[in-house]
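The values are calculated or read from the model by the stated rules, or taken from the named source; none is laboratory data. All values derive from a computational prediction rather than experimental measurement. When we count neighbours, we look across all protein chains shown, and the Cβ atoms used for this are built from the backbone with ideal geometry, even at glycine.
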Amino acid sequence: MKILIKQDFDTMSEWAKMLLLSTMSQDKRVNLSITAGKTPTLVYQKLASIVKNSSDFDNVHYYNFDEIPVPHQKEGITLTDLRTLYLTPAEISEQNIHPLTVENFQQQEQRIADAGGLDLMLIGLGADGHFCGNMPTTTHFKNETYQVTVTGSEPWFVPEMMQPGMTFVTMGPASIMKV
C-alpha cells in the first residue's frame, strides 16, 4: 500500500484519476473497489467523461467498498450515490457492477478472490479517521468484509440519520491490505 498526500483537493483528484486510468488501461480484467462520500467526487467527475463511450474500459469491474441499506429500497445509500456520481454518467455496464449488500457481504472476499483480486481501491478518509464504513470504535485491524450493528452509543452516531439496531456492511482493514 502506498499513501500519497497532495497539496489540494484538485491536485489529489487529478492524480487519483491518472492512477485509476493507468490501472484501468491494462489489457486484462481490472477489479476496482470504489466508494461514495466527499473525497472521490471530483475524481469521478474527471473520470466519467473519459470512460463514457469508450470500449477501452469494458474490462473494468467495480465493487462498492461499503453499503448502508435503506428500508424498502432496492439499493443502499452507497450504490445509489455511486450511480449518481460515476456509474451512470460513465455509462458503466450493469454486468461490470458487483454490489456489496447485507445479503452477500459474507461472500465478498471470495467473490473478489475468484475474480482475480482487487487491483486498486479508491476510498476517502474522514476527519475523525474513518475510511468508508470503518468507523471509530467498531473497526478492528483483522476485519475483512463485515457487518456493523449500530447501538446508538458510538461517537459518530447521528440520531437524525440513524437508529439503534440498523446495520451496514463494509470491507475492513484486512481487505485493504490484500490490494
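Looking only at residues of region 118-140 that are modelled with pLDDT under 70 and buried (at least 17 other Cβ atoms within 10 Å of the Cβ), we find that the one that is nearest to the chain's Cα centre (by Cα) is Cys132. Number of residues in region 58-71 that are more than 16 Å from Phe168 (Cβ to Cβ) and assigned to a loop (DSSP other than H, G, I, E, B) equals 2. Counting only residues that are at pLDDT 95 or above and either over 17 Å from Ile97 (Cβ atoms) or in contact with a His (Cβ under 9 Å, 6 or more places away or on another chain) (or both), region 66-82 holds 0 of them. Does Tyr63 satisfy the condition of being within 19 Å of Tyr146 (Cα to Cα) and either at pLDDT 95 or above or in contact with a Pro (Cβ under 8 Å, 6 or more places away or on another chain) (or both)? Considered against the rule, which asks whether it is within 19 Å of Tyr146 (Cα to Cα) and either at pLDDT 95 or above or in contact with a Pro (Cβ under 8 Å, 6 or more places away or on another chain) (or both), Tyr63 comes out as yes. Residues of region 15-25 include at least one that is among the small types (Gly, Ala, Ser) and in contact with a Pro (Cβ under 8 Å, 6 or more places away or on another chain).
Among the residues of region 94-117, those identified as surrounded by fewer than 13 Cβ atoms within 10 Å (Cβ to Cβ) and part of a loop (DSSP other than H, G, I, E, B) are Glu103, Gly116, Gly117.
For region 58-93, filtered to residues that are of a type in the set (A, V, I, L, M, F, W, C) and surrounded by fewer than 18 Cβ atoms within 10 Å (Cβ to Cβ), the residue that is farthest from Leu120 (Cα to Cα) is Val70. Before we move on, is Ser13 assigned to a helix (DSSP H, G or I) and of a type in the set (Gly, Ala, Ser)? In short, yes. All told, Phe105 falls short of being over 16 Å from Ser33 (Cα atoms) and modelled with pLDDT under 95. When Lys38, Lys2, Lys46, Lys28 are screened for being within 18 Å of the chain's Cα centre (by Cα), under 19 Å from Val179 (Cα atoms) and among the charged types (D, E, K, R), only Lys2 passes.
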